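This report concerns only the one structure given below.
None of the figures in this text is laboratory data; all of them are computed from the coordinates on show. On a predicted model such as this, the values are computed, not experimentally measured, just so you know. Here Cβ is always computed from backbone atoms with ideal geometry, including for glycine, and neighbour counts include all displayed protein chains.
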Amino acid sequence: MALDKPYFDVPGTTVFDAGQSRKGYHLNMFCMSLMKAPNRERFKANERAYLDEWPMSEEQKLAVLARDYNAMIASGGNIYFLAKIFSTDGKSFQHAAALMTGMSQEAYAKMMIDGGRPPEGNRYVGEKK
Amino acid sequence: MARITAGITTSHIPAVGAAIDLGKMWEPYWTPVFKGYEFSKQWMAANRPDVVFLVYNDHATAFSLDFIPTFAIGCAEDFAVADEGWGPRPVPAVQGHPDLAWHIAQSVIQSDFDLTIVNRMEVDHGLTVPLSLMFGQPQAWPCRVIPFAVNVVQYPPPSGNRCYQLGKAIRRAVESFDEDLNVQIWGTGGMSHQLQGPRAGFINKQFDQRFLDRLIEEPEALAQMPHIDYIRDAGSEGIELVMWLIMRGALDAKVKTIHRFYHVPASNTAVGHLILENAQ
């Protein structure tokens with residue numbers, strides 16, 4: 001019998017479940033390697049060459065090179081692992097969050113100060129505000 | 001006999017740690033957050049525990065995808081502060097309480113909760129930010145700490161009810177320890193927040209306030225809330241709130257609220273903070 005996965009109708013959200021974790025294992029473990037300063041240096045010196053040391057899919061490598069966090073998440077990345085990439089870039093969680101929402105960092109920060117993204121219209125796919 | 005004297009919940013937002021470490025606490029953006037902890041620091045000075053049993057989650061720091069323990073208890077003498085990619089936080093190392101930790105591990109496993117025992121572990125902002133919020137910036141932390149890491153990164157985390165029942169087992173374990181120790185239990189993380197995807201920045205004040213009410217008044221019913229409700233209504237990372245139920249399970253059914261604080265935002269997140277004591 002199939003597992004109960006009631007979370008696919010939450011808009012703009014990818015739950016890091018068993019399937020995602022299996023798909024993203026090497027991508028996330030690459031991210032983990034950036035916890036060590038010498039690895040960060042090697043990655044920064046030649047990103048493509050460093051990525052080629054990992055058995056990741058081409059799609060995953062291109063997403064990392066483009067810093068396309070939504071594409072990384074779609075191909076199995078988890079945000080706490082992906083955080084090692086934007087930390088390596090000297091960027092904050094707010095920077096990455098703004099990128100993923102397609103907003104400027106200023107607009108995103110203002111939305112948060114104004115109380116954040118509201119639940120109304122954001123709980124179900126297709127929900128009206 | 002050791003006893004649990006208070007339960008505390010607090011968010012553990014990394015940007016809060018950075019604000020403390022960089023001396024930005026009283027800048028206009030951060031002032032409302034830290035004001036909410038002023039009472040707590042005074043209360044803590046008068047109610048200093050011997051040991052804090054600190055429930056938190058690791059954020060791909062000590063645990064990668066190689067090992068994913070659902071519940072991990074730190075039994076070491078001490079725990080180093082992790083380098084999370086921008087150097088370790090400038091805070092003291094954490095002194096453990098191996099005798100009590102091992103006692104709790106043995107007792108709780110025999111109560112059907114299969115903990116992972118950890119003898120070497122670095123601790124990240126999930127554990128150190130709550131310590132900074134409650135104790136400020138001392139040269140050494142004023143008490144021992146037992147780190148208790150819960151998986152909330154890999155779905156599914158443990159259920160709310162599993163966490164609540166585990167809290168009860170931890171209380172029984174603490175109360176069967178012979179030494180006379182004042183133990184506090186802290187549940188950290190939350191409140192509503194989402195850090196990923198196009199819905200990032202999601203905040204639900206109504207959910208959060210209701211969660212605080214129910215955690216205080218009807219934790220047993222709250223513990224039945226399914227994961228999907230956390231994800232949908234509190235954001236994908238808001239699911240960390242299940243950890244607060246471990247704290248709550250270790251207290252009596254009736255509690256009194258010593259302090260309650262809520263603020264939006266700190267970076268991407270809603271901050272929630274409670275100090276609870278048993279009503280009797």
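Observations, loosely collected:
- Extension gain, B:Asp83 to B:Glu220, is 45.5 nm, computed as 0.36 nm per intervening residue step minus the present C-alpha separation.
- Paramagnetic reach from A:Asp114 in the range B:259-280 [backbone N under 15 Å; point 7 Å along Cα→Cβ]: B:265
- Overall shape: oblate for the range B:1-119, with the ratio a/c of the largest to smallest alpha carbon gyration tensor axis at 1.5 or above and b/c at least equal to a/b.
- Pairwise FRET efficiency - A:Tyr124 versus A:Ser57, Cβ, R0 = 25 Å, nearest 0.05: 0.20
- Taking Cα centre as origin and charging only the Cβ of basic (Lys, Arg, +1) and acidic (Asp, Glu, -1) residues, the dipole magnitude of the range A:18-90 rounds to 200 debye.
- Rounded to the nearest whole Hz, the Karplus-based 3J(HN,Hα) values (6.51 cos²θ - 1.76 cosθ + 1.60, θ = phi - 60°) of the range B:190-195 follow the sequence x, 7, 4, 5, 9, 9, with x at glycine and proline.
- Normalised per residue, the volume of the convex hull around the Cα set of chain A (Å³): 126 Å³
- Descending semi-axes in Å of the range A:18-90, equivalent ellipsoid built from Cα gyration tensor: 18, 12, 11
- Cross-link pairs A:Lys110/B:Lys35; B:Lys35/B:Lys256; A:Lys84/B:Lys168; A:Lys84/B:Lys41 - those with Cα-Cα distance over 25 Å: A:Lys84/B:Lys168; A:Lys84/B:Lys41
- For chain A, the longest principal axis of the C-alpha atoms and the axis of helix A:79-88 are separated by about 50°.
- Ordering A:Gly19, A:Ala97, B:Phe71 by Cα displacement along the dipole of the protein assembly as shown toward the positive end leaves A:Ala97 in first place; charges were set at the Cβ atoms of Lys, Arg (+1) and Asp, Glu (-1).
- Fully extending the segment from B:Ala93 to B:Ala46, taken as 0.36 nm per residue of separation minus the present Cα-Cα distance, adds 14.6 nm.
- Summing +1 for each Lys or Arg and -1 for each Asp or Glu among the other residues whose beta-carbon sits under 15 angstrom from that of B:Ile231 gives -4.
- Approximate spin-label separation B:Arg3-B:Gln139, in nm, with each point projected 7 Å along Cα-to-Cβ: 3.3 nm
- Under-5 Å amide H pairs with B:Ile146, H placed in peptide plane, nonlocal only: B:Val52, B:Phe53, B:Leu54
- Summed residue charge, Cβ within 11 Å of B:Pro265's Cβ, Lys/Arg positive, Asp/Glu negative: +2
- Cα gyration tensor, the range B:87-185 - rounded (a/c under 1.5), prolate or oblate: oblate
- Per-residue ellipticity at 222 nm from helix content only, as computed over chain B with -39500 (n - 2.57) for each DSSP H run of at least four residues, stands at -9500 deg cm²/dmol.
- The peptide list B:51-57, A:20-26, B:100-106, put in order of mean Cβ contacts within 10 Å with the highest first, becomes B:51-57, B:100-106, A:20-26.
- From phi via Karplus (6.51, -1.76, 1.60), per-residue ³J(HN,Hα) for the range B:106-116 in Hz, x at Gly/Pro: 5, 5, 5, 5, 6, 9, 6, 9, 8, 6, 8
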